[in-house]
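Bear in mind these aren't lab numbers, they're just calculated from the coordinates by the rules spelled out. These numbers come from a predicted model, not from an experiment. Cβ atoms come from the backbone with ideal geometry, glycine included; neighbour counts cover every protein chain shown.
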Amino acid sequence: QVQLVESGGGLVQAGGSLRLSCAASRRIFSFNVMGWYRQAPGNERELVATMDSSGSTNYADSVKGRFTISRDNAKNTVYLQMSSLEAEDTAVYYCNLRLLTSIYWGQGTQVTVSS
């Protein structure tokens, strides 16, 4: 019912910055949570950052102070500004949308940080 399309991944040097974006296929007017998860090879998928439709945020301890999540509700788009990137940030980053009764995932975008 809702498609999520991520963009902005790529290869960056340690200490650099990258901005990810995720656009939902239609406007969502009910309460929802949008955010980012990541998964490195051999690891479980882990929460990176979320923001709900009222503006409340949640960050993983490992990215606090380096990553910033934001939303443009008119565009149903969520962004992740990543700064001071580290090799440990290398992973596939997935956009996530949670509605009252449904959960949706994007296809993922690769972020590779070279050390």
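For the range 39-108 versus the range 13-33, the inter-centroid distance based on Cα atoms is 7 Å. In a fully extended conformation the segment linking E44 and F31 would gain 2.0 nm over its present Cα-Cα distance, using 0.36 nm per residue.
Under 15 Å from a point placed 7 Å out from the Cα of W105 along the Cα-to-Cβ direction: which residues of the range 17-35 have their backbone N that close? Label zone hits: 35. Overall shape: prolate for the range 14-58, with the ratio a/c of the largest to smallest alpha carbon gyration tensor axis at 1.5 or above and a/b above b/c. The relative contact order of the range 22-115, computed from alpha carbon pairs under 8 Å that lie at least 6 residues apart in sequence, is 31 percent. In percent, rounded to a whole number, the relative contact order of the range 1-65 is 22, using alpha-carbon pairs under 8 Å and six or more apart.
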